[in-house]
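Undergrad: Below is one structure. I have some questions about it.
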Amino acid sequence: MLAPHIVHIRHSFASSTSSSSSSCSSSSSTYRLDATRVEIVRASIRLPSDATKAKPSNDSVIFVIKVHTASGYHLVEQSWAAFTQLKEALLLALDPGHACSGVCPWLWEDLYHNFEHPTKKVDLRTWLHMRLHRHTKRTIQVYLEHFQELLDSMLHLLRQRHLQCHQFHDVCDVLAQFLQVPSMLDTCASSSLHHGLRF
């Protein structure tokens, strides 16, 4: 049984805007996301030890994500704030206004308007807490389920190989970096190193 690899929280992401060629197959993240699925296993509030009276913020709400790949799985910890940064990185990668006959315009609109707005029906008290940005156990659970649905939908959409739009593949790169899925280039480098060994 494979042991999980814990990855520390990442707070910033950068989309890949250039393509690289190698002797291996395409480095597009579409291929490295084919076998990827995710599960947000839990969320917790982590306050600094010296902040006894501090209120939880987006930085202190941590989601633990189990990322399954073809070779096993690893755990990634991302803060609520990191999800917000993911939204900004995805919108930037989509480069609104570029010529595209695919799903990019629709995806941009959907992410822009719905990324931070759960569609699940909640009671009035929870709704008010969400409007006031209060981090309660209930509101965190609502967003956990919302982010889970969001990641599932994104992975399903980004598995489409027939789309040739460069921005679409940049979006794949951004999400793969967020989930810390090994790149095709990493796989190629590892394979080259392995084949170069002589015993």
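The values are calculated or read from the model by the stated rules, or taken from the named source; none is laboratory data. What you see is a predicted model; the values in this text were computed from it and never measured. Cβ placement follows ideal geometry from the backbone for every residue including glycine, while neighbour counts extend to all protein chains displayed.
Undergrad: Report yes if some residue within segment 151-160 is among the aliphatic types (A, V, I, L, M), part of a loop (DSSP other than H, G, I, E, B) and under 19 Å from ASN58 (Cβ atoms); otherwise report no.
TA: To start, the set of residues in segment 151-160 that are among the aliphatic types (A, V, I, L, M) comprises 151, 154-155, 157-158.
This time we only want the ones that are part of a loop (DSSP other than H, G, I, E, B), so: none.
No.
Undergrad: Which condition does TYR73 not pass, out of (1) over 24 Å from ARG138 (Cβ atoms); (2) aromatic (Phe, Trp, Tyr); (3) in a helix (DSSP H, G or I), if it passes all the others?
TA: (3)
Undergrad: Out of LEU193, LEU155, LEU163, I need the residue that is closer than 18 Å to LEU90 by Cα, at pLDDT below 75 and out of contact with any helix residue (DSSP H, G or I) (no Cβ under 7 Å at 6 or more places or on another chain). Which one? Step through it out loud before you land on a result.
TA: On the way: LEU193 fails: closer than 18 Å to LEU90 by Cα; LEU155 fails: at pLDDT below 75.
The conditions single out LEU163.
Undergrad: For segment 128-137, how many residues meet the condition of being surrounded by 14 or more Cβ atoms within 10 Å (Cβ to Cβ) and assigned to a helix (DSSP H, G or I)?
TA: 2
Undergrad: Looking for something among the acidic types (Asp, Glu) and either in contact (Cβ under 8 Å) with a residue 60 or more places away in the chain or in contact with a Phe, Trp or Tyr (Cβ under 6 Å, 6 or more places away or on another chain) (or both) - is there at least one such residue anywhere in segment 111-121? Explain how you work it out, then say what you get.
TA: Within segment 111-121, the first condition is being among the acidic types (Asp, Glu), and the residues that meet it are 116.
Subsequent filtering for residues that are either in contact (Cβ under 8 Å) with a residue 60 or more places away in the chain or in contact with a Phe, Trp or Tyr (Cβ under 6 Å, 6 or more places away or on another chain) (or both) retains none.
Within segment 111-121, none of the residues are among the acidic types (Asp, Glu) and either in contact (Cβ under 8 Å) with a residue 60 or more places away in the chain or in contact with a Phe, Trp or Tyr (Cβ under 6 Å, 6 or more places away or on another chain) (or both).
Undergrad: While we're looking at this one, here's another question. Just for segment 40-70: of the residues that are among the β-branched types (Val, Ile, Thr), part of a strand (DSSP E or B) and farther than 15 Å from TYR143 by Cβ, which one is modelled with the highest pLDDT? Walk me through how you get there before you give the answer.
TA: Here is the first cut: in segment 40-70, the ones among the β-branched types (Val, Ile, Thr) are 40-41, 45, 52, 61-62, 64-65, 67, 69.
This time we only want the ones that are part of a strand (DSSP E or B), so: 40-41, 45, 61-62, 64-65, 67, 69.
Now narrow it down to the ones that are farther than 15 Å from TYR143 by Cβ: 67, 69.
Values: VAL67: 95, THR69: 89.
If we take residues in segment 40-70 being among the β-branched types (Val, Ile, Thr), part of a strand (DSSP E or B) and farther than 15 Å from TYR143 by Cβ, then VAL67 is modelled with the highest pLDDT.
Undergrad: Okay, moving on. Among the residues of segment 91-127, count how many are exposed (fewer than 12 other Cβ atoms within 10 Å of the Cβ) and part of a loop (DSSP other than H, G, I, E, B).
TA: Looking only at that region, the number is 8.
Undergrad: Do you know which residues across segment 146-166 are without any contact (Cβ under 8 Å) to a residue 40 or more places away in the chain and closer than 15 Å to SER79 by Cα?
TA: Across segment 146-166, the qualifying residue is only HIS146.
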